[in-house]
Amino acid sequence: MMDNKTFIIAGILIALAIGGAAVFLASGDPDGLESTALVVQGQKDLTGATPEDAELHEETEGRFSYTAPMPDYAMGDDMGATGGIVAIVAGTILAFLVVLGIAYGIKTAGKPSK
């Protein structure tokens, strides 16, 4: 039987392998959800050009906005697939650390104080 540490390491390795493979299998075109969001926001017509074909501008005056650190799971056009792999690895490790921190907080909150 596998102990917890081995199970967690195996899970992280499997997540990294799936993420690494996804970089090469993912489509560069916006999916249905992203395309629909652009239509709802009025940035694209239902049968119009894709965001890659048309230059889109959004009014952000007085609204919350941010720039993603790794947009579209990439680290710039110059890195290519390597940038995608680095982004996937960083995202997987960051997600693991967040979950680990939450689990630790729940564990210590449940212990009686001395």
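The values are calculated or read from the model by the stated rules, or taken from the named source; none is laboratory data. A quick note: this is a predicted structure, and the numbers were derived from the prediction, not measured. Here the Cβ positions follow ideal geometry from the backbone for every residue, glycine too, while neighbour counts run over all protein chains shown.
For the range 32-44, residues that are surrounded by 10 or more Cβ atoms within 10 Å (Cβ to Cβ) and either part of a loop (DSSP other than H, G, I, E, B) or at pLDDT below 65 (or both) total 3.
The residue of the range 5-27 that is nearest to the chain's Cα centre (by Cα), among those that are assigned to a helix (DSSP H, G or I) and small (Gly, Ala, Ser), is GLY19. Could you list, ordered by first residue, the pairs with Cβ atoms under 7 Å in which the first is in the range 83-103 and among the small types (Gly, Ala, Ser) and the second is assigned to a helix (DSSP H, G or I), at least 6 apart or interchain? That search, which allows pairs on different chains as well, returns GLY84/VAL23; GLY84/TYR73; ALA87/TYR73.
Every test in (1) modelled with pLDDT under 80; (2) surrounded by fewer than 10 Cβ atoms within 10 Å (Cβ to Cβ); (3) in a helix (DSSP H, G or I); (4) more than 17 Å from the chain's Cα centre (by Cα) is passed by THR47 save one, and that test is (3).
Restricting LYS111, LYS107 to residues that are exposed (fewer than 10 other Cβ atoms within 10 Å of the Cβ), at pLDDT below 80 and among the basic types (Lys, Arg) narrows the list to LYS111. Contact annotation: residue pairs with Cβ atoms under 9 Å, 6 or more positions apart or on different chains, pairing a residue in the range 1-25 that is over 25 Å from THR82 (Cβ atoms) with a partner that is surrounded by 11 or more Cβ atoms within 10 Å (Cβ to Cβ) and not small (Gly, Ala, Ser), are ILE8/PHE96; ILE8/LEU100.
So is ALA90 more than 20 Å from GLY11 (Cβ to Cβ) and modelled with pLDDT of 80 or more or not?
no
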